[in-house]
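One structure is given below, encoded as structure tokens.
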Amino acid sequence: MQTLAVVGAGSWGTALAIALASRTERLHLWVREHQIAESINSKHRNLTYLPEFTIPANVTAFTDYEDCLHGAEMVLLAPPSHAMRRLVLYALPWLRADAILVSATKGLEENTHLRMSEVVREVTAAAFSPKLAVLSGPSFAREVAAGEPAALVIASQDPGIAHAVQSALSGSALRLYTNDDPVGVELGASLKNVIAIAAGVCAGLGLGSNTRAALISRGLAEITRLATALGGKPQTLAGLAGLGDLVLTCTGELSRNRTLGIELARGRKLGDVLSGMTMVAEGVNTTFAALQLAETAGVEMPITAQMAQVLEGRRTPDAALRELMERMPRPE
């Protein structure tokens, strides 16, 4: 591949640029902030996100969409979920109709509750029908940037697109598996953040391995219920984009959503915690979007429902846990 573009230079976009630079002749990285672009181009470092990692010399940062997307055969979209629609809309005039677009963002759009690939498809529909895939799986940005081995999933309704991305991006540190279920992949990627907040709450309350294992198991059950009700496949949720990502986000020290839950359990207010975070904790907005989707689909999500009340300050973390434990007994 001659030119690969990554749009979004937060921790995840920067990590992808570092990890994938060797897979292309030129890697273009779109950056919103001029000072970050300047530091990448002059110092080969993103001094705001992942400043300790050197960015390869064939990575060039741009603040202009036209220059960034010029000649790009594949475009990885890696903004926060709330920015995806705006970003694609602004970039649309310079996106090649024959380029493969890969959504690498985990989350649901706040007001519409659309998955990220649905947002991309909706924005581009007036101009062209996109060659679209989604990238997901257990992956902390810092570890990907460090070159530690990781296994991810590339999902598309078109097997040819999934195989093309797999062939282009797989390497010694990133192993990509193809999947034909973008619905299940994207919902697993989004909903696991809600359960990770709950896992952080449990950790913040000083609870141990028994509680964590129960939460992950029952969390996976409710994620699977909703995903399958919306057209996803159960086996997808048992794989990398479901169980794999859920375990990572619920147990890893680098998980922003787990950290948020810990701080809530310690008595801090949601706004105070979020104001101190550089990157977005996607699980907050996803919690409320998931409940709306669950209501529409007629699916019960008890952990998500309790986390919504905790996030809104209507229930304390220990009261939420007690409510879950005292629910009516039922078969597994």
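Nothing in this text is a laboratory measurement; each read-out follows from the coordinates by a stated rule. Bear in mind the structure is a predicted one, so any value in this text is a computation, not a measurement. Every residue, glycine as well, gets a Cβ built from its backbone with ideal geometry; the counts of neighbours run over all protein chains shown.
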**Study point:** Kirkwood Rh, angstrom, the range 229-288 [1 / mean 1/r, Cα pairs]
**Key:** 13.1
Exercise for review: Using only Cα atoms, tell me the angle between helix 11-20 and the longest principal axis of the chain; keep it within 0 to 90° and round to the nearest 10.
Suggested key: 50
Practice item. Equivalent ellipsoid semi-axes for the chain, as square roots of 5 times the alpha carbon gyration tensor eigenvalues: give them largest first, rounded to whole Å. Key: 33, 22, 18
Study note, to complete from the structure: In the range 3-180, taking the dipole from +1 charges on Lys and Arg beta carbons and -1 charges on Asp and Glu beta carbons about the Cα centre, the listed residue (A37, T124, N179) farthest towards the positive end is N179
Practice item. Take the alpha-carbon centre of the range 232-270, take the same for the range 1-70, and report the distance between them in whole Å. Key: 27
Revision key, fill the gap. The summed charge of the S39 Cβ neighbourhood (under 14 Å; Lys/Arg +1, Asp/Glu -1) stands at 0
Practice item. Quick one: work out Rg over Rh on the C-alpha atoms of the range 3-180, Rh as Kirkwood radius. Key: 0.93
Point to revise | Calculated from backbone phi, Karplus (6.51, -1.76, 1.60) coupling profile of the range 58-67 in Hz, x at Gly/Pro | key: 8, 9, 10, 8, 10, 9, 10, 5, 4, 5
Review point. Going by how many other Cβ atoms sit within 10 Å of their own, how do K131, K269 line up, fewest first?
Key: K269, K131
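What is the dipole size for the chain, taken about its Cα centre, with +1 at each Lys and Arg Cβ and -1 at each Asp and Glu Cβ, in debye to the nearest 20?
Its charge dipole is roughly 540 debye.
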Review point. Tell me, how many Å apart are the Cα centres for the range 99-126 and for the range 192-218?
Key: 29
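In what order do F128, F62 fall by count of nearby beta-carbon atoms within 10 Å, going from fewest to most? Don't jump to the answer; show the numbers that get you there.
Values: F128 13, F62 20.
Final ranking by Cβ density, sparse to dense: F128, F62.
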Point to revise | For the chain, calculated [θ]222 nm from helices alone, where every DSSP H run of n ≥ 4 adds -39500 (n - 2.57) | key: -14500 deg cm²/dmol
Point to revise | the range 259-331: radius of gyration and largest Cα-Cα distance (Dmax), Å | key: 13.3, 42
Exercise for review: Please list the non-local residues whose amide H lies under 5 Å from the amide H of A151, H modeled 1.01 Å from N, same-chain partners needing a gap of 5 or more.
Suggested key: R175
Review point. In terms of modelled amide H atoms, which long-range or inter-chain residues lie less than 5 Å from the amide H of L76?
Key: A5, V6, V7, V102
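What is the fewest-to-most order of H113, H70, H34 by other Cβ atoms lying within 10 Å of their Cβ?
H34, H70, H113
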Exercise for review: Show the residues, 5+ positions off or on another chain, whose built amide H is closer than 5 Å to the amide H of T178.
Suggested key: I154
